[in-house]
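Comments concern the structure below.
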Amino acid sequence: MPNSIYQITENFIKKVQEVTFSAELSSLDDLTTDLQKVSNEFCKKMTEAALKELLERIA
């Protein structure tokens, strides 16, 4: 699991950088909306990784 968490976190940081420095954003509202989507996806992936690890330990 440490490798998957590392990879998920690394991808999250890269995506935050992409969104933050994107020339397509026209307002702070757009930035916060896009970052919220990225954050939600990060939380989903971290939860999935944690649950997968938990299920593997139980089995």
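Here, each number is a calculation from the coordinates, and none is a lab measurement. Source: prediction; values computed, not measured. Counting neighbours? That spans all protein chains shown, and the Cβs are built from the backbone with ideal geometry, glycine included.
No other residue among A59, A50 is of a type in the set (G, A, S) and either within 12 Å of the chain's Cα centre (by Cα) or farther than 17 Å from N3 by Cα (or both) apart from A59. Would you call I8 in contact with a helix residue (DSSP H, G or I) (Cβ under 7 Å, 6 or more places away or on another chain) and of a type outside the set (S, T, Y)? Yes; evaluated as a whole, the condition is true for this residue.
When residues of the range 5-32 are filtered for being within 23 Å of K52 (Cα to Cα) and of a type outside the set (F, W, Y), how many remain?
Adding up the residues that qualify gives 7.
Taken over the range 15-42, residues that are surrounded by 11 or more Cβ atoms within 10 Å (Cβ to Cβ) and either outside any helix (DSSP H, G or I) or not polar (S, T, N, Q) (or both) amount to 14.
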